[in-house]
Structure formats: C-alpha cells, structure tokens
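Q: To start, I am sharing the structure in question, which I have written as structure tokens.
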Amino acid sequence: MAALNDKGMFIDGVRGEMTIPVRAATPDQLSGDLGTVLIATKSQHAVEALEQIIPLLTAESCVVSFQNGFNEPDMIAALDRAGLPGQRIVMGSIPNYGGALVDPGYVEFVHEGPIQLGELDGTTSPRLSELAGALEALTQVQLSDKIWGQIWAKEVYASQVVFSALADAPIKETLGVERYARLAGAVVKEALEIADASGIEVQAFDFFDPANYRVKTAEDTRKLLANIEHAIWLLKKDQENKPSHSFKKKGSGIWWDIVYRKRPSETRSSSGKLLAYGEAVGADTRLNARLFEMIYEIEDGRRPLGFANFDELEAYAASIGKTLP
C-alpha cells in the first residue's frame, strides 16, 4: 500500500510499461457504503478479505469474487453470518487475463484474455451490465448466465495448471512436451468426471473446451494434445509481440507462488477443493489427490521441484488405469 501511494502502480509486460497513480487504503481507513467491491486476492485470502470489509457493506452492496477458486459459497456464508443476504450480494467472475505481483506496487501483465462475469442466479441485472461496461476499459467482458459452470470449468482446467508446477520450468517445457501433456490431460479428464458426478454443466471458455477432455480413443487423445498445444500458444502469443521485455513469470500462478513468491499456492482453496466435491458424490479423485499431495509436499519443503515428479505421477496414473489411450 505504501509503494502504491508513494510511486503509483508500475505495470509492464504485454502492453508495455506504464505507471498508474492510485489511491490505496486499508479497510480500517475507509467509511461508508463501499457499493461494488471486487475481491481480487489469491483465493485462500478471499473470505478473510471480505470479512474485513463487511462493516462497510449493506444489503444493496455487490461483491464480486474476482479470482480463481470456488469462493462464492464461502463468501455467501460469511455474509449470511453477518446478517447480510449473501446470495444476492455475491457475483461470480472468471478473469482470464494473466498477471503477476512481482514486488510491492509492481505488476507484470503476462497475457491478454477476457473476463467472464455473471450473476449466480443467471439473470442479467442492471448492476451486471454496469460493471461489465466499466471492466471493458481493461479487456473484453463476456456476460454469462451460467457463471457457476464457468467457475467449475476454470478449476477443472486448473488441475493441469497445478500439474505444470511440479518442476521449476517454463510451461513450454512441461505442458508443451507431449508426454507430460498426455498426463495432464488424464488429470483434467478425472477432474471433469468429478464435475459430471456433481451434476455440474461445465462451460467452455476461450482456451478450454471440456469436450476435448472426454477422451475415449487414441484419436481423441491426439485431438486433446493438439488443443493443449494451441492453448499454450494462446497464452504465449502476446509475449512474442514484446521481444524487448524479459518476462519474469514463465510458468503458472502456482509455479510463481512456489518459486518466486516463496509462499503456499492457492491450490488448496481452488482446484484442491475438487477433492471434497468428489468425495461428497463418491467420484474417483485418486489422480488429482496424488497431484495435489505432491504440490503440498513441495510447498512444505518435503519434496524437491523436478521432472522426476512427472515420472512418479505418470507411474501412479498407469497403476490405477488412468493413462489416456
């Protein structure tokens, strides 16, 4: 906050260098009704951040879960506990552009992408339209009448993002390698089956189509591998237009937290919650559970980062019959 107020927000990356004057404040320095609030933290901090501003909200407020993770139910519950109508206040979103907090007051814009935005009840409300108009100053906004299905899609897809963080390497050396992409596809296929068993209609978004992961034949696998390769290209194409900038964030947000920020990633509070959903409906979660356990071991210093982790997970997938055809 001190850095922001002193020097403004410095941004570099795909749109070049810029410094934006901002006015930053902690919740205790604010008063009155905040109106519309975007909770833009890592998912493990979403509820804590919301609880700090509850005294500044009313029944007419709008709170947007503006990060990865299955945060909406927990945010609704926190508001309900405070005597506010959580279901009505909370709005869902999926920001699909990429960035990284490099240092205080310094953000790297890593790749372009749209925002999916929607009311949890599927309606197109005046506040939804108004917020979409404001956010279009940043990027394309896609209104969704099935935002919960899109949130699930992001977290199902995120299983392969978590997978890519098993080694300290750029994404082109992890998901960009056919052998590893095949294993990542198996992880997401299982995650998608958890969603299916939970009765979720998983929605497609710009670089993820769940249909590609419903693999049954060798031909399906070949199509999936081509899709993963295309997704990597989409994520990296904006960087190729900025050859003068050396991008600091070379992997996923999970990788960034572990390697650069030296802190636990948001795995437990985002895609890691797939396990609880799966267990509730009796779905098979073994491959994702093993992946997440490996990530937690890395975060706790009990396992080194490295390509040997892919070998270990590959052997485990084969042992439980999860290898793609």
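Q: Efficiency by 1/(1 + (r/R0)^6): what FRET value for residue 3 and residue 229, r their Cβ-Cβ distance, R0 = 56 Å, to the nearest 0.05?
A: 0.90
Q: For each of 156, 259, count neighbouring Cβ atoms within 10 Å of the residue's Cβ, then give the residues from fewest to most.
A: By the 10 Å Cβ count, ascending, the order reads 259, 156.
Q: Within a 10 angstrom radius of the beta carbon, how do 208, 10 rank from fewest other beta carbons to most?
A: 10, 208
Q: Can I ask one more? Which lysines, on any chain, are close to residue 242 with Cα under 16 Å apart, when same-chain ones fewer than 8 places away are left out?
A: List returned: 250.
Q: Now for a separate question. What trypsin sites (Lys or Arg not before Pro) does segment 184-293 have in DSSP loop regions with at most 10 other beta carbons within 10 Å?
A: Details: sites: 189, 214, 216, 222, 223, 236, 237, 248, 249, 250, 261, 262, 268, 273, 286, 290; in loops: 214, 216, 248, 249, 250, 262, 268.
For trypsin sites (Lys or Arg not before Pro) across segment 184-293 that sit outside H, G, I, E and B with at most 10 neighbouring Cβ atoms in 10 Å, the list reads 216, 262.
Q: Give, as a single signed number, the net charge of other residues whose beta carbon lies under 9 Å from the beta carbon of residue 278, with Lys and Arg counted +1 and Asp and Glu -1. All intermediate terms of the calculation are to be shown ahead of the outcome.
A: On the way: positive: none; negative: 190, 193, 279, 284.
Counting the neighbours of residue 278, the net charge comes to -4.
Q: Sort 63-74, 99-110 by the packing proxy (mean of other Cβ within 10 Å over each peptide's residues), most packed first. Walk me through the numbers on the way to the answer.
A: Details: 63-74: 22.7, 99-110: 17.4.
So the order, starting with the most tightly packed, is 63-74, 99-110.
Q: From the phi of every residue in segment 114-119, what ³J(HN,Hα) in whole Hz does the Karplus formula 6.51 cos²θ - 1.76 cosθ + 1.60 yield, where θ is phi - 60° and glycine or proline is x?
A: Here the 3J(HN,Hα) series is x, 10, 8, 9, x, 6 Hz.
Q: Which aspartates and glutamates have a Cα lying under 17 Å from the Cα of residue 7, excluding residues fewer than 8 positions away in the same chain?
A: Hits, sequence-local ones excluded: 17, 103, 108.
Q: If you don't mind, another one. Relative contact order for the chain: what is it in percent, counting Cα pairs under 8 Å that are at least 6 residues apart?
A: 17 percent
Q: I've got another one for you. In degrees between 0 and 90, to the nearest 10, how far off the longest principal axis of the chain does helix 286-299 point, with axes built from Cα atoms?
A: So the helix axis and the longest Cα principal axis differ by about 60 degrees.
Q: To the nearest 10 degrees, how steeply does helix 218-240 sit against the main Cα axis of the chain, on a 0 to 90 scale?
A: Helix 218-240 sits roughly 40 degrees off the main axis of the chain.
Q: Starting from the Cα of residue 249, draw a straight line to each of the lysines and keep only those under 17 Å, dropping any in the same chain fewer than 8 residues away.
A: Partners found: 42, 172, 236, 237, 262.
Q: Also, I was wondering about something else. Specify the residue with the greatest mean-square fluctuation among 227, 212, 241, computed from a Gaussian network of the chain linking alpha-carbon atoms under 10 Å apart.
A: Taking springs between Cα atoms under 10 Å, the residue moving most is 241.
Q: Can you give the relative contact order of segment 149-319 as a percent, counting alpha carbon pairs under 8 Å and 6+ residues apart? Please list the in-between numbers first.
A: Values: 195 pairs, mean separation 56.5, N = 171.
Taking the mean separation of contacting Cα pairs over the length of segment 149-319, I get 33 percent.
Q: Pop out the ³J(HN,Hα) list for segment 187-200 in order, Karplus 6.51 cos²θ - 1.76 cosθ + 1.60 with θ = phi - 60°, rounded to Hz; leave Gly and Pro as x.
A: The phi angles translate into 5, 5, 4, 5, 4, 5, 5, 5, 4, 4, 5, 8, x, 8 Hz.
Q: Right, another one. Going through segment 175-220, which GluC sites (Glu not before Pro) have at most 15 other Cβ atoms within 10 Å and a DSSP loop state?
A: In loop regions of segment 175-220 (DSSP not H, G, I, E or B), the sparsely surrounded GluC sites (Glu not before Pro) are 201.
Q: Can you compute the helix-only [θ] at 222 nm over the chain? Use -39500 (n - 2.57) per DSSP H run of at least 4 residues, normalise by all residues, nearest 500 deg cm²/dmol.
A: -12500 deg cm²/dmol
No value in this document is a laboratory result; all are computed from the given coordinates. It should be emphasised that the depicted structure is a prediction, and the values quoted were computed from it without experimental measurement. Glycine also receives a Cβ, built like all others from the backbone with ideal geometry; neighbour counts cover every protein chain displayed.
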